[in-house]
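The values are calculated or read from the model by the stated rules, or taken from the named source; none is laboratory data. Note that the coordinates shown come from a computational prediction; the quantities given were computed from them, not determined experimentally. Quick reminder, even Gly has a Cβ in these numbers, built from the backbone with ideal geometry, and neighbours come from all protein chains shown. The protein model used for the area step is the full one, side chains on, heavy atoms only, and it has no ligands, DNA or RNA in it. Shrake-Rupley method; radii C 1.70, N 1.55, O 1.52, S 1.80 Å.
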Amino acid sequence: DIATANAKVKTTFANLLAQGLFNRFPNLRVASIETGADWVFHLFEKLKKSYGQAPHLYQEDPRETFKRHVWVSPFYEDQLGELRTLLGADHILMGSDYPHAEGLADPISYIKDLKNFDYPDADCRLVMRENGLALSNRRPT
């Protein structure tokens, strides 16, 4: 069920942030694939609260750490506009998830959904191609 999957992925990323994984490995990049993006908004609410109550547990605001190290592949029916505002188009990956019900048989049609949320052409290119390509290249140590 989708609620259980969202809870698991949200818990996984909360743990990665709380345990300081990205501080120990500053070049580490992680992509969340086939999980959609609805969980990101709830995670950010929880991280804001956690950081507000116990900032000493983090080297910086964990939402900023997340934005630097995590890429998300939203489903086409997710809140694509709000996600771009939250993470930036440079941390969003196109995903079709086909043949699942929320998948797209014609992945190029994903661009229509981006356009419905007023993504400019440059952001569409990032999401549809450049971000995934950049993730496939190793970063220097």
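Can you spot a residue in region 93-113 that is touching a helix residue (DSSP H, G or I) at 6+ places or on another chain (Cβ under 8 Å), open to solvent by less than 30 Å² (accessible area, probe 1.4 Å), under 22 Å from LYS10 (Cα atoms) and at pLDDT 90 or above?
Checking region 93-113: at least one residue is touching a helix residue (DSSP H, G or I) at 6+ places or on another chain (Cβ under 8 Å), open to solvent by less than 30 Å² (accessible area, probe 1.4 Å), under 22 Å from LYS10 (Cα atoms) and at pLDDT 90 or above.
Of all helices (runs of 4 or more DSSP H) completely enclosed by region 1-79, which ones contain at least 1 residues that are under 23 Å from SER96 (Cα atoms), modelled with pLDDT under 95 and open to solvent by 40 Å² or more (accessible area, probe 1.4 Å)? So that I can check it myself, show each step before the final result.
Working: elements: 2-18, 21-24, 38-53, 62-69.
Fully inside region 1-79 and qualifying: 2-18, 38-53.
Exactly one condition in (1) of a type in the set (Phe, Trp, Tyr); (2) more than 13 Å from SER73 (Cβ to Cβ); (3) open to solvent by less than 50 Å² (accessible area, probe 1.4 Å) is not met by PHE117; state its number.
Of the numbered conditions (1) of a type in the set (Phe, Trp, Tyr); (2) more than 13 Å from SER73 (Cβ to Cβ); (3) open to solvent by less than 50 Å² (accessible area, probe 1.4 Å), the odd one out for PHE117 is (3).
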